[in-house]
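Asker: One structure follows; several queries about it will come next.
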Amino acid sequence: MLGEQEAREAIVTTGRRLYERHILASIEGNMSIRLDGDRILATPSGLNKGFMREGDLVVTDLDGKAEGGGRPSSEMPMHLAIYREREDIEAIVHAHPTAATGYAVAGRNLPAAVLAEIVTTLGCIPIARYGTPSTDELAESVIDPIKSYDALLLGNHGALTAGTSLEQAEERMYQLEHFAQISLVAELLGGPKTFSLAEVEQLSALREKAGGRPVPPACYPVDISQETITLTKDELIALVTDAVRTLR
């Protein structure tokens with residue numbers, strides 16, 4: 001766990017990199033790091049993340065009460081909900097990278113079980129249902145998917161990654177965006193080729209051997225020979241939406 005000064009330096013440096021790599025634009029996006037106890041260091045509201053200074057950052061408790069002056073990101077409730085839900089998460093990055101956000105705005109799932117590096121690191125990347133930005137709706141929309149996933153698309157909004165360090169959360173954001181770009185190219189070439197169930201099981205074993213959690217069931221290809229297939233509400237909505245769009 002970083003000390004507060006180190007955490008401030010890390011967020012400022014990360015914000016600059018995200019801005020320079022066009023993962024963030026203007027005043028959008030936000031980041032946070034879990035400090036000692038129940039204290040969270042977060043980016044401020046209404047400031048370009050590529051030009052922040054260490055003193056601009058705001059410390060809050062897990063209820064969102066800020067220490068001293070400053071106003072944290074208006075989407076802080078989303079960060080706090082995630083920290084409360086998962087004690088292993090130490091940092092969060094929320095951004096609007098172009099390709100990934102394009103999928104989120106289109107309501108399109110990124111393909112599951114098509115790229116080994118994604119299966120072994122992120123599993124797959126679901127879409128959280130839309131929640132109005134800066135409201136409790138947004139926080140509520142991520143609670144269920146964040147239980148099983150470290151990277152999410154936010155419906156009609158953007159993307160979110162979490163990790164055991166800010167560096168890991170940042171790298172996961174780059175990885176998510178790169179995968180979204182690869183997925184777009186694959187679609188132009190006729191669509192991605194999905195791994196077999198056995199292939200995903202092998203990749204899941206590699207993931208667990210490296211210390212990762214088991215690959216979530218939704219990341220596996222569907223075995224159509226099964227009598228019963230289980231989907232979450234959000235997965236069912238996404239499936240029906242894709243089907244309706246195809247028929248139009």
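The values are calculated or read from the model by the stated rules, or taken from the named source; none is laboratory data. Just so you know, these numbers come straight off a predicted model, no measurement behind them. Every residue, glycine as well, gets a Cβ built from its backbone with ideal geometry; the counts of neighbours run over all protein chains shown.
Asker: Please tell me if Tyr83 is closer than 30 Å to Gly191 by Cα and either over 14 Å from the mean Cα position of the chain (by Cα) or not acidic (Asp, Glu) (or both).
Answerer: Against the criterion (closer than 30 Å to Gly191 by Cα and either over 14 Å from the mean Cα position of the chain (by Cα) or not acidic (Asp, Glu) (or both)), Tyr83 does not qualify.
Asker: Hey, does the range 55-77 have a residue that's of a type in the set (D, E, K, R), within 21 Å of Ala139 (Cβ to Cβ) and touching a Leu at 6+ places or on another chain (Cβ under 6 Å)?
Answerer: No, the conditions are met nowhere in the range 55-77.
Asker: Kindly evaluate Ser32 against the criterion of being touching a helix residue (DSSP H, G or I) at 6+ places or on another chain (Cβ under 6 Å) and within 20 Å of Asp136 (Cα to Cα).
Answerer: Considered against the rule, which asks whether it is touching a helix residue (DSSP H, G or I) at 6+ places or on another chain (Cβ under 6 Å) and within 20 Å of Asp136 (Cα to Cα), Ser32 comes out as yes.
Asker: Tally time: how many residues in the range 73-94 are more than 28 Å from Gly212 (Cβ to Cβ) and either without any contact (Cβ under 8 Å) to a residue 40 or more places away in the chain or of a type in the set (D, E, K, R) (or both)?
Answerer: Counting residues in the range 73-94 that are more than 28 Å from Gly212 (Cβ to Cβ) and either without any contact (Cβ under 8 Å) to a residue 40 or more places away in the chain or of a type in the set (D, E, K, R) (or both) gives 0.
Asker: Sticking with this one: Of the residues that make up the range 135-152, is at least one touching a residue at least 24 places away in the same chain (Cβ under 8 Å) and closer than 19 Å to Gln181 by Cβ?
Answerer: Yes: one or more hits.
Asker: Are any of the residues in the range 241-248 at pLDDT below 95, surrounded by 15 or more Cβ atoms within 10 Å (Cβ to Cβ) and in a helix (DSSP H, G or I)?
Answerer: yes
Asker: Can you run down the residue pairs with Cβ atoms below 7 Å, 6 or more apart or on separate chains, where the first is in the range 114-129 and of a type in the set (D, E, K, R) and the partner is surrounded by fewer than 24 Cβ atoms within 10 Å (Cβ to Cβ)?
Answerer: Arg129/Gly155; Arg129/Asp234
Asker: Among the numbered criteria (1) over 30 Å from Val185 (Cα atoms); (2) of a type in the set (Asp, Glu); (3) surrounded by fewer than 22 Cβ atoms within 10 Å (Cβ to Cβ), which single criterion is violated by Glu75?
Answerer: Tallying (1) over 30 Å from Val185 (Cα atoms); (2) of a type in the set (Asp, Glu); (3) surrounded by fewer than 22 Cβ atoms within 10 Å (Cβ to Cβ), Glu75 fails exactly one: (3).
Asker: A further question on this structure: Take Leu166 and tell me if it is in contact with a strand residue (DSSP E or B) (Cβ under 6 Å, 6 or more places away or on another chain) and modelled with pLDDT of 95 or more.
Answerer: Spelling it out, Leu166 is indeed in contact with a strand residue (DSSP E or B) (Cβ under 6 Å, 6 or more places away or on another chain) and modelled with pLDDT of 95 or more.
Asker: Which of (1) of a type in the set (A, V, I, L, M, F, W, C); (2) within 19 Å of Pro216 (Cβ to Cβ); (3) buried (at least 19 other Cβ atoms within 10 Å of the Cβ) does Val93 not meet, given it meets every other one?
Answerer: The single condition Val93 does not satisfy is (2).
Asker: Given the residues Pro145, Pro217, which is the only one that is out of contact with any Ser or Thr (no Cβ under 6 Å at 6 or more places or on another chain), buried (at least 22 other Cβ atoms within 10 Å of the Cβ) and of a type outside the set (A, V, I, L, M)?
Answerer: That would be Pro145, the only listed residue that is out of contact with any Ser or Thr (no Cβ under 6 Å at 6 or more places or on another chain), buried (at least 22 other Cβ atoms within 10 Å of the Cβ) and of a type outside the set (A, V, I, L, M).
Asker: Right, next: Taking the conditions exactly as written (in contact with a Ser or Thr (Cβ under 6 Å, 6 or more places away or on another chain), crowded, with 16+ Cβ neighbours inside 10 Å, under 25 Å from Glu177 (Cβ atoms) and of a type in the set (Val, Ile, Thr)), does Thr43 satisfy them or not?
Answerer: Here the answer is yes, as Thr43 does meet what is asked.
Asker: Report yes if Thr161 is in a strand (DSSP E or B), of a type in the set (S, T, N, Q) and crowded, with 18+ Cβ neighbours inside 10 Å, otherwise no.
Answerer: Judged against the criteria, Thr161 is a match.
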